[in-house]
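Data block below; observations after.
Read the figures in this text as sums done on the coordinates, not as results from a lab. Nothing here was measured: the structure is a model prediction, and the numbers come from that model. Methodologically, a virtual Cβ is constructed for each residue, glycine included, from the backbone with ideal geometry; neighbour enumeration extends over all protein chains shown.
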Amino acid sequence: MIGEVLLDQRVIAGIGNIYKCEALFAAGVDPRTPVAQLDSRALEAIYAAAHRLMAASVEGAAPMVGSPRRDHAVYGRTGKPCLRCGSSIACYSLGDPPRWTWSCPICQPATPLSRR
């Protein structure tokens with residue numbers, strides 16, 4: 001699943017759980033999507049979003065990363081309305097080891113294989 005791959009420091013270092021959730025939201029990809037179902041454009045969009053969010057955080061321009069009190073699009077917002085569409089943000093355990101993961105069921109639609 002793409003949510004697990006983003007946390008694998010052997011693939012790319014630096015993306016933690018916050019950036020995993022936020023980058024996948026920005027790219028409109030469900031974290032449970034198998035990597036094999038993503039084309040190169042989707043993967044590029046995910047990694048570009050993570051890079052953009054991480055760079056903004058380093059520059060101090062990202063209000064969504066840093067202190068737990070700051071606003072996030074999905075991270076830590078269980079049951080709150082999506083800032084884009086208004087649906088409830090979902091929270092679930094994902095991966096091995098399991099990590100809490102947040103996503104919007106409307107803005108990040110599940111693929112048939114990601115529903116399993």
- Message: Restricting to Cα pairs below 8 Å that are 6+ residues apart, what does the relative contact order work out to for the chain? Please round to a whole percent.
- Response: 30
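With the Cα gyration tensor of the stretch 2-106 giving a ≥ b ≥ c as the square roots of its eigenvalues, does the rule (a/c under 1.5 for rounded; else a/b larger than b/c for prolate; else oblate) give rounded, prolate or oblate?
rounded
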- Grab the DSSP H runs of the chain that are 4 residues or longer, score each as -39,500 (n - 2.57), total them, divide by all residues and round the 222 nm result to the nearest 500 deg cm²/dmol. -9500 deg cm²/dmol
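Going by C-beta contacts inside 10 Å, put Thr111, Thr101 in order with the fewest on the left. Before the final figure, lay out each step's value.
Numbers: Thr111 14, Thr101 24.
The fewest-first ordering by Cβ neighbours comes to Thr111, Thr101.
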- Item | Cα→Cβ-extended label distance, 7 Å offset, between Asp96 and Val35, nm | 1.5
